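Worksheet for the structure shown next.
Derivation of every value follows stated rules applied to the coordinates shown; laboratory data play no part. Every value quoted in this text rests on a predicted model; they were computed, and no experiment measured them. Cβ: placed from backbone, ideal geometry, glycine included. Neighbour counts: every protein chain shown.
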């Protein structure tokens, strides 16, 4: 090997190693960004028509979905606990149960009454009624019918699907009607459910238990 060959190899190796060192942080950032984007909640709002007190009214359907790195059995057990709801809502809505308060697990056919504080201190909607319409153990869905003075219709459906990779597809679908306030309430709900699903990521990362 000639002296020039040795020098050329040295230069090539030096440049290659430098490029690898420069690219490693970038590749790590792109990998983390791709992971964050995959778990980032997606939101969609659609105009719909529903029946309210015998009349056809214009409402909104909000759908928020994301991927959560948690096995479906664990996620399903957690979502049936009111303590999970209080945790994922924290920071945007604080619930103050009335009467006997929340049970350890939601019960089909029961109606729960709560006062809501937006951002923890702003009263909204008066008494909020939360009726547990259905809990489908086989299909991993929970359906509630909710209402208060502001949101006259707030029908919420939770859906979970096993992705067979240690993660689940999680979806909140909400039908909202609040008269002239429908648009404003829907805009807030969009941010609220995105916030909830971001808090679900914390539940997954820290493997939080709400059934103690």
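Relative contact order, whole percent, for region 41-206 stands at 26, derived from Cα pairs under 8 Å and 6 or more residues apart. Over region 59-198, the reciprocal of the mean inverse Cα-Cα separation, the Kirkwood hydrodynamic radius, stands at 15.4 Å. If R0 is 35 Å, the Cβ-Cβ spacing of residue 115 and residue 163 corresponds to a FRET efficiency of close to 0.40.
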